[in-house]
């Protein structure tokens, strides 16, 4: 009777992924954020992996962790392996569900720029389904299963429109504004992520020492709605407030714009196959205008 020899045990993929992410990003919390789990879960996976290997992969210190010599040596091959796996999964999903396009974008872009364009896109290409994930920073497309990324930036992808900023407010509030100096006596709404917008525009307008006083919002779309309701003056991003300006819900009291170095950009992890759903959506968004 033949006896099957015991096979060497392979470490769990989740533990290997936790190690690679923590080693590449330099910490357990950052790895947890990327993988969508807690830092404690990353710690547990790595401890189990180290116990199985019988060797430490990280040195623990009061200020964080540092790779051991062993961890440093294996990281490049481990990262290359997960990059290759991520690419294979993206190809698999694209070919298995060619009519579904997954887009990652900023919440404000999703609500104020992308969403108003979707009805026309669906009418033009009813066979394509659009899935949108809102996030504050672009994902690592080598690992994340997104077909397209739509974010403000200054390097990657194709420019859809430049980022022009200028004050906007309700028509009633605009009636009280004659010159930029008047903003010192009015509530000025701010976005928590784009906190520097007011100071950049103030420099262009010659408002020296200007400090905006008013509510701060973590959701730019909410700040836009509050501005339309007369809560104060908001620093508008041209592409994001264009719809409200066209409807007359917001107006720009000054013909003075400040162009930021970043732009609204669209990119993908790989060249898009001609005629694919992702290529159709990307082409449509490029042609949709600012």
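Quick check: anything in the range 10-25 without any contact (Cβ under 8 Å) to a residue 40 or more places away in the chain, surrounded by fewer than 18 Cβ atoms within 10 Å (Cβ to Cβ) and not in a helix (DSSP H, G or I)? Spell out the reasoning first.
First pass over the range 10-25, keeping only residues without any contact (Cβ under 8 Å) to a residue 40 or more places away in the chain: 10, 12-15, 18, 21, 25.
With the extra rule that they be surrounded by fewer than 18 Cβ atoms within 10 Å (Cβ to Cβ), the set shrinks to 10, 12-14, 25.
Then keep just the ones that are not in a helix (DSSP H, G or I); that gives 10, 12.
The answer is yes; a qualifying residue exists.
Residue-by-condition table, conditions (1) touching a residue at least 40 places away in the same chain (Cβ under 8 Å); (2) under 20 Å from the mean Cα position of the chain (by Cα); (3) buried (at least 19 other Cβ atoms within 10 Å of the Cβ); (4) closer than 23 Å to residue 259 by Cβ:
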| site | (1), (2), (3), (4) |
| --- | --- |
| 68 | no, no, no, no |
| 73 | no, no, no, no |
| 88 | no, no, no, no |
| 122 | no, no, no, no |
| 128 | yes, no, no, no |
| 131 | no, yes, no, no |
| 135 | no, yes, no, no |
| 149 | yes, yes, yes, yes |
| 153 | yes, yes, no, yes |
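So, in the range 77-109, exactly how many residues are assigned to a helix (DSSP H, G or I) and within 30 Å of residue 14 (Cβ to Cβ)?
Qualifying residue count, the range 77-109: 21.
Looking only at helices (runs of 4 or more DSSP H) that fall completely inside the range 215-290, which ones have 3 or more residues that are under 20 Å from the mean Cα position of the chain (by Cα) and farther than 17 Å from residue 190 by Cβ?
On the way: elements: 220-228, 238-247, 277-287.
Of the helices (runs of 4 or more DSSP H) lying wholly inside the range 215-290, those with at least 3 residues that are under 20 Å from the mean Cα position of the chain (by Cα) and farther than 17 Å from residue 190 by Cβ span 277-287.
With the requirement that a residue be touching a helix residue (DSSP H, G or I) at 6+ places or on another chain (Cβ under 6 Å) and either more than 16 Å from residue 232 (Cβ to Cβ) or in a strand (DSSP E or B) (or both), what does the range 170-198 give you?
Matches in the range 170-198: 189, 191.
Read the figures in this text as sums done on the coordinates, not as results from a lab. This structure is a prediction, so every number in the text was calculated from the model and none was measured. Positions of Cβ are generated from backbone atoms using ideal geometry, with glycine treated the same way; all protein chains shown enter the neighbour counts.
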